[in-house]
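Just so you know, all these numbers are worked out from the coordinates, no wet-lab data involved. Since the structure is predicted, the reported quantities are computational estimates derived from the model, not experimental observations. We place every Cβ from the backbone using ideal geometry, glycine too, and count neighbours over all the protein chains shown.
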Amino acid sequence: MNNTYVDRGIIKWAPFDGLAGFNNLYKELKYRLNKTEKPILSEDQLYEMDINLKKALNEKCSIYLSYFQGGYIKQIYGQVTDLDAILKLVYVDHIAFPLSIIMDLALDT
């Protein structure tokens, strides 16, 4: 008699997903409940970000950029490649970010 174990894979976990689509609904609900409103920046924070932005552009420093998108604060690491004062855009590694969504700009030390 051959006593080899045969894994049933995902079938053995099927009873735990008794309600059809519950896991997808749960993930979507969790995503929506964790959303936040856009924080309001103080004058001091804006001034510090302005100094860091100018320094990063002049000295070609790497930066950590935090930006607000879709209810979440996301981060990117890179170098400031360009600054468009007319359109109010900051380019980090050739990706455009409007100044209105930038939450924090810190230099990499």
Given the Cα-Cα distance of GLN79 and ASN24 and 0.36 nm per residue of separation, how much length would full extension add, in nm?
16.1 nm
Pairs on different chains or at least eight residues apart, Cα atoms closer than 30 Å: how many lysine pairs in the chain fit?
21
Under 5 Å between amide H atoms, partner at least 5 residues away or on a different chain: which partners does SER62 have, H built in plane at 1.01 Å?
ASP108
Just the number, please: Stokes-Einstein D of region 29-109 in µm²/s, Kirkwood Rh from C-alpha pairs, 10 °C, 1.306 mPa s.
120 µm²/s
Quick one: helix 22-33 against the long Cα principal axis of the chain, what's the angle to the nearest 10°, folded into 0 to 90?
20 degrees
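Any idea what the dipole of the chain comes to, in debye rounded to 20, about its Cα centre with Lys/Arg Cβ at +1 and Asp/Glu Cβ at -1?
Numbers: 12 positive and 14 negative charges, 124 e Å.
Result for the chain is approximately 600 debye, rounded to the nearest 20.
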In percent, what relative contact order does the chain have, based on Cα pairs under 8 Å that are 6 or more apart in sequence?
23 percent
